[in-house]
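For reference, the structure discussed in these notes is given below.
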Amino acid sequence: MATYRAPQARRPHIEKRARRQTLAARVVGFVLLWGLVGLMTLVADRAMPREHLPWKTLAIIDPVGAATKVKAARAGEDPAACRAILVQGGIDYAEVAPTTGQCGLTDTVRLTSGLAPLTPADAPLTCREALAFSIWERQVVQAAAFDELGQAVVGIDHYGSYACRRQYGKTEGPISEHATANAIDVAAFRLADGAVISVARDWADPGPKGRFLHRVRDGGCRIFLTTLGPDYNVEHHDHFHLDMGGWPKCG
Ligand SMILES: [Zn+2]
């Protein structure tokens, strides 16, 4: 007569084996997952343009891609790397001496040549803001001007980059990125034929002028951390606020 063995007697052995199998399955799953991630990274590294790859170096000659914003923000945190990218892109700058106090300037430059000149010329910018501005001017503004208007932008008018103030000039509330020269308010673009495209006058234009301005804003959103224009609120009806601080915002 067969001896009946109670299931309880085998349970510790079965549970141990089941635990080993579960652990093995997890290890295999983990290895497969990371192997797949590694393989996809390798394929991306070989096949995708570098503007889409956050681990590749940033260059001003690169078209704007999925990784441009994150690379510009990261490069901007390293003063030497930021300046090296400007120089490599053929953009000249002058150092602005650091200052102290509530609106002290650090890591600040003034763009001197290599881009459409700014008016007024006295526009101190943090290096990361200068870097983002340079990419925007080369890859977005000039490209949109040629496509939509058939000519180059030869000058950019602005309402200021550095101003020791709170947001919207209020007496209370967050300190503006302008207080550290980490922003610029762009008002108009001067074309080679002498025409001026202004945000205030031409934003709503259904033709090439309006299309140019919308492309310029949309391109800004892919480079700067914050890009605000007439669509954002009435305070920005006449300029694009472009800055490299805080959380990403586009409007
Ligand atoms: Zn502003």
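Laboratory data are not the source of any read-out in this text; all were calculated from the coordinates shown. Computed from a predicted structure; not experimentally measured. Don't worry about glycine lacking a Cβ; one is built from the backbone with ideal geometry, like all the others, and counts go over all protein chains shown.
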**Report entry** FRET efficiency estimate (nearest 0.05) - Cβ-Cβ, L53 to L32, R0 35 angstrom
**Finding:** 0.90
Query raised in the report: Rounded to the nearest 0.05, what FRET efficiency do N233 and V87 have when you use their Cβ-Cβ distance and R0 = 30 Å?
Result: 0.20
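Just to be sure I understand the rule: take each whole DSSP H helix in the chain, project its Cα atoms onto its long axis, keep it if the span is 18 Å or more and its mean Kyte-Doolittle hydropathy is at least 1.0. Which ones pass?
none
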Report summary line: Dipole check, region 50-250, charges on Cβ (K,R +1; D,E -1), about Cα centroid: among G169, A84, Y232 the Cα furthest to the positive pole belongs to A84
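Order by neighbour count: W34, W203, fewest other Cβ atoms within 10 Å first, most last.
Arranged by neighbour count, lowest to highest, W34, W203 become W34, W203.
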Requested in this report: Before rounding to the nearest 500, sum -39500 (n - 2.57) across all DSSP H runs of length at least 4 in the chain and divide by the residue total; then give [θ] at 222 nm in deg cm²/dmol.
Outcome: -12000 deg cm²/dmol
Query raised in the report: Gain in length, D78 to C103, computed as 0.36 nm per residue apart minus the alpha-carbon separation, to one decimal in nm?
Result: 7.0 nm
Report task. For an R0 of 35 angstrom, estimate the FRET efficiency from the Cβ-Cβ distance between D147 and W247 and round to the nearest 0.05. Result -> 0.70
Requested in this report: Could you give the size of the charge dipole of the chain about its Cα centre, using +1 on the Cβ of each K and R and -1 on the Cβ of each D and E, expressed in debye and rounded to the nearest 20?
Outcome: 2380 debye
Report task. For the chain, calculate the relative contact order in percent as a whole number, restricting contacts to Cα pairs under 8 Å that are 6 or more residues apart. Result -> 14 percent
